[in-house]
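J.: Pasting in a structure now, in structure tokens, and then I'll have a few things to ask.
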Amino acid sequence: MPRLCEILFENHSSQMQECYNTMRITKIAFLYIVISSLGVSNAWGQTTTTSSSAEEQDIDVDVVERQLEKEVDFETTRLKMPTKAWKVPQTVDYSKILSLKSYEDMVAIQKNYMPLTKRFQGSLGFSWLTNDNFYTNYGFEGRLGYHLDEMYGLEVIYSSLNSQSTYKVEDLKTKQGLSVTSLVTPKSFLGASLFFSTMYGKWSVNNRSITAFNIYQSLGAGKMTTTSGDAADAFFFGLGQMTSLSRNSFWRVDLTWYFYNTTNINQQKQDANSLFLTVYWGGFMPKVGSRQ
């Protein structure tokens, strides 16, 4: 290379020197390029080796997985979830309910604990006159009835009463000298009534037991005999509650208000009214069995 510069620039020393410098730079660049090429070749060889090793490992893993899949029965090892059977919805048959015609059928549906329809009813009670200021009047009363259905019924009533004057009558005689012979009070009553039950329910005390009851009203007429011996026509209306002791027995409370026109011992007509409070015990016939 220096010889080439001497031949080309024999008579020009400065140019010959530049040629030498250029040649040196060229040699250095050439050497750098050669060295760099060798390094890249080594790196590429290593990368190729690594890639080949990774591919070989992937191939080995695939071979192992295939072998395991052949040995394992996935149908038996798969988790089997329990299946729930769907219930077929039941259809409600309303034909029997729509075909009901009599009230007796409705009693069975209502599950009445104390049925009344076509049963006789007898009761005996203690009666007390509540609105007489001059006489204390009390006695016994008996009733015999028959229920046409769960709402309506007929009843025969008889009451026998005892009376005695109160301290007010004695005060009028002794302190004021007034005669009280014109005062009369009931002695007995005989009559009949129509009663109808308007409410049926149940109640409980301290959640121990459930007791059935029904509330009724009554309207009737009869003969009211007073202490003067007069038998006057009377009519009355009442309100009461019947509470079951069992399916065949009961106790009841009755408030009855009588209105009548009677004749006193002086043969004078006078209007009178008597309000009686009566507590009864009674039973039904025919009897019915216990409800399961």
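J.: Take the residues in region 199-239 that are among the basic types (Lys, Arg) and under 41 Å from the mean Cα position of the chain (by Cα), then tell me which one is modelled with the lowest pLDDT.
T.: Filtering first and then ranking leaves Arg208.
J.: With the requirement that a residue be part of a strand (DSSP E or B) and exposed (fewer than 15 other Cβ atoms within 10 Å of the Cβ), what does region 222-236 give you?
T.: Answer for region 222-236, where residues must be part of a strand (DSSP E or B) and exposed (fewer than 15 other Cβ atoms within 10 Å of the Cβ): Lys223, Asp233.
J.: Under 6 Å between Cβ atoms, at least 6 apart or on separate chains: pull out the pairs that start in region 261-272 with a residue that is over 17 Å from Gly222 (Cβ atoms) and end on any residue that is modelled with pLDDT of 75 or more and of a type in the set (A, V, I, L, M).
T.: Between residues of region 261-272 that are over 17 Å from Gly222 (Cβ atoms) and residues that are modelled with pLDDT of 75 or more and of a type in the set (A, V, I, L, M), the close pairs are Asn264/Val184.
J.: Name the residue that is farthest from the chain's Cα centre (by Cα), counting only residues in region 242-263 that are polar (S, T, N, Q) and surrounded by fewer than 22 Cβ atoms within 10 Å (Cβ to Cβ).
T.: Selected residue: Thr263.
J.: Could you tell me which residue of region 109-167 is nearest to Leu255 (Cα to Cα), considering only residues that are in contact with a helix residue (DSSP H, G or I) (Cβ under 9 Å, 6 or more places away or on another chain) and of a type in the set (Val, Ile, Thr)?
T.: Per the criteria, the residue is Thr117.
J.: Report yes if Thr278 is modelled with pLDDT of 95 or more, of a type in the set (Val, Ile, Thr) and surrounded by 14 or more Cβ atoms within 10 Å (Cβ to Cβ), otherwise no.
T.: Considered against the rule, which asks whether it is modelled with pLDDT of 95 or more, of a type in the set (Val, Ile, Thr) and surrounded by 14 or more Cβ atoms within 10 Å (Cβ to Cβ), Thr278 comes out as yes.
J.: Taking Lys187, is it within 42 Å of the chain's Cα centre (by Cα), assigned to a strand (DSSP E or B) and either over 30 Å from Lys287 (Cα atoms) or among the basic types (Lys, Arg) (or both)?
T.: So Lys187 does not fit the description; no.
J.: Could you please tell me which pairs satisfy a Cβ distance under 9 Å, a separation of 6+ or placement on different chains, a first residue in region 209-231 that is without any contact (Cβ under 8 Å) to a residue 60 or more places away in the chain and over 18 Å from Phe259 (Cβ atoms), and a second residue that is acidic (Asp, Glu) and surrounded by 15 or more Cβ atoms within 10 Å (Cβ to Cβ)?
T.: Short answer, once both residue conditions are applied: Tyr216/Asp254.
J.: Of the residues Ser218, Ser209, Ser249, which is of a type outside the set (Lys, Arg) and within 22 Å of Ala272 (Cα to Cα)?
T.: The match here is Ser218.
J.: Taking the residues in region 149-198 that are of a type in the set (S, T, N, Q), surrounded by fewer than 14 Cβ atoms within 10 Å (Cβ to Cβ) and more than 15 Å from Asp132 (Cβ to Cβ) as candidates, determine which candidate is modelled with the highest pLDDT.
T.: So, considering only residues that are of a type in the set (S, T, N, Q), surrounded by fewer than 14 Cβ atoms within 10 Å (Cβ to Cβ) and more than 15 Å from Asp132 (Cβ to Cβ), the one modelled with the highest pLDDT is Thr198.
J.: Got a number for residues in region 119-175 being farther than 24 Å from Ala234 by Cα, hydrophobic (A, V, I, L, M, F, W, C) and part of a loop (DSSP other than H, G, I, E, B)?
T.: Residues flagged as farther than 24 Å from Ala234 by Cα, hydrophobic (A, V, I, L, M, F, W, C) and part of a loop (DSSP other than H, G, I, E, B) within region 119-175 amount to 2.
The values are calculated or read from the model by the stated rules, or taken from the named source; none is laboratory data. Computed from a predicted structure; not experimentally measured. No Cβ is skipped: glycine too gets one built from the backbone with ideal geometry, and neighbour counts run over all protein chains shown.
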